[in-house]
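Report on the structure given below.
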Amino acid sequence: MSEQSFTSMAGARAEGEIPEIGVGMLGYAFMGKAHTNAYKTIPYMMYPPPAIPRLIAIAGRNEEAIREAARRYGYETYYTDWRTMLEDDRVQLFDNGGPNDAHAEPSIAAAQAGKHIFCEKPLARSAGEAREMLDAVRKAGIKHMVAFNYRFVPAIRLARNLIESGRLGRIYHFRAVYLQEWIMPHYNTPKIWRLDKQVAGSGALGDLGAHIVDLGRFLVGEMKSVSAMTRTFIDERPLPDGSGTARVDVDDAFVACVEFENGAIGTLEATRFAGGHKNYQALEINGERGSIRFNLERMNELEVFWVGEEPKETQGFHDVLVTESYHPWWENWWPHGHIIGWEHTFIHELTHFLDCIANNKEVAPYGATFEDGYRAAVICDAILESASSRRQIDLEY
């Protein structure tokens, strides 16, 4: 953000007005829709908002598609080159929702241009690429955040609060799975970009596993070592244009054992070959005084068990409906029992990021910074190395 624009925002706050932050979006598909929905909802639901996101520009390579996206979503203009968009002085926040191979170069350029950056996960295709991005944002001194949106599920934040308070005591176990089925044979999925290592970096590991890696760090702490196995079940798929077939060079599934620095141990598993599972992310944490279970497909609930709870005849997991006004973010939503959905996680995290920009607050520890994105990338790389070498890998940052 330029000194001039920051000064004008500060003046607006002094006059009792809410500052505007200009948004430039790269990408218009799945994540572009999710992020834009959040920006448009924040001003009237997260009220009063820390800042008003102004939808300045959206960029993409296909002019017809990006023109339609700008019209549909309400962006003031569009660009067919993200470099030109970054020259637009009205853009203060660069939102990178492009494919994985479009994360590093545009984000580094945005940092050099003084734009704050919100980037989709995984931060990069490799730890080395992620480190270049981290170095760039540190040098630029701008605000930066990775879209690990599950940190902003109310039930997940409640779990973090319980752990931070010491209620669970010493943590023994963390186990998490992320299961989907959308590239199983009956879907006839061609070799899309997510199945191409050059574009995606990895398969189920970066697409799904990065989320549960981040949640392990967010809830339990830093990981110390990993031991893993990966598998590609279908190693050749038809090309999208029907011109032939091509080799699949990313993982379809992985499993890993992890060791945490605090002594806890854990397991991670992700696959896109779990028939019957559409978006099943589940985790469990066991501590000396209690346990916690969470299932993304029932995201408004958190199961909690307390060791030694009386009367013992009714001991067991309590299914807590996380919709009370005193639960995280719920003062902005509905009366208790009126549930929210997946899209609300982006509203919560982007409100957090706008607050950090407008009021010069730290993104960490509740938001995921590029440091978190880099550390997740180191762990994902170590999982691939462990699977390849068939040995345990100690993590080094």
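Please give the number of the condition residue 390 fails out of (1) surrounded by 19 or more Cβ atoms within 10 Å (Cβ to Cβ); (2) at positive phi. Condition not satisfied by residue 390: (1). Screening residue 159 on (1) buried (at least 20 other Cβ atoms within 10 Å of the Cβ); (2) in the same structural domain as residue 329 (by TED's automatic domain parsing); (3) outside any helix (DSSP H, G or I) shows it passes everything except condition (3).
Are any of the residues in segment 271-282 surrounded by 14 or more Cβ atoms within 10 Å (Cβ to Cβ) and among the small types (Gly, Ala, Ser)? Within segment 271-282, one or more residues are surrounded by 14 or more Cβ atoms within 10 Å (Cβ to Cβ) and among the small types (Gly, Ala, Ser). Being more than 26 Å from residue 17 (Cα to Cα), without any contact (Cβ under 8 Å) to a residue 60 or more places away in the chain, part of a helix (DSSP H, G or I) and not β-branched (Val, Ile, Thr) holds for only one residue in 396, 385, 331, 371, and it is 385.
Checked against (1) surrounded by 15 or more Cβ atoms within 10 Å (Cβ to Cβ); (2) without any contact (Cβ under 8 Å) to a residue 40 or more places away in the chain, residue 299 passes all but condition (2). The number of residues in segment 209-234 being in contact (Cβ under 8 Å) with a residue 60 or more places away in the chain and either assigned to a strand (DSSP E or B) or at positive phi (or both) comes to 8. Only a single item in (1) crowded, with 22+ Cβ neighbours inside 10 Å; (2) touching a helix residue (DSSP H, G or I) at 6+ places or on another chain (Cβ under 9 Å) is not met by residue 195, and it is number (2). Residues in segment 188-207 that are part of a helix (DSSP H, G or I) and either in contact with a Cys (Cβ under 7 Å, 6 or more places away or on another chain) or farther than 10 Å from residue 250 by Cα (or both): 5 in all. Taking the listed residues 118, 94, the one that is in contact with a Gly (Cβ under 9 Å, 6 or more places away or on another chain), farther than 21 Å from residue 365 by Cβ and buried (at least 24 other Cβ atoms within 10 Å of the Cβ) is 94, with no other qualifying.
Considering segment 235-307, the qualifying strands (runs of 3 or more DSSP E), each wholly inside and each with 1 or more residues that are among the aromatic types (Phe, Trp, Tyr) and over 22 Å from the mean Cα position of the chain (by Cα), run over 301-306. Contact map, segment 62-87: first residue within 18 Å of residue 30 (Cα to Cα) and not assigned by TED's automatic domain parsing to the domain that holds residue 98, second residue in a helix (DSSP H, G or I) and at pLDDT 95 or above, Cβ cut-off under 8 Å, separation 6 or more or different chains; the map is empty. From 28, 79, 47, 75, grab the single residue that is of a type in the set (Phe, Trp, Tyr) and out of contact with any strand residue (DSSP E or B) (no Cβ under 7 Å at 6 or more places or on another chain). Result of the check over 28, 79, 47, 75: 47.
The values are calculated or read from the model by the stated rules, or taken from the named source; none is laboratory data. Since we're looking at a predicted model, the values are computed, not measured. A quick note on method: Cβ atoms are made from the backbone with ideal geometry, for glycine too, and the neighbour counts reach across all protein chains shown.
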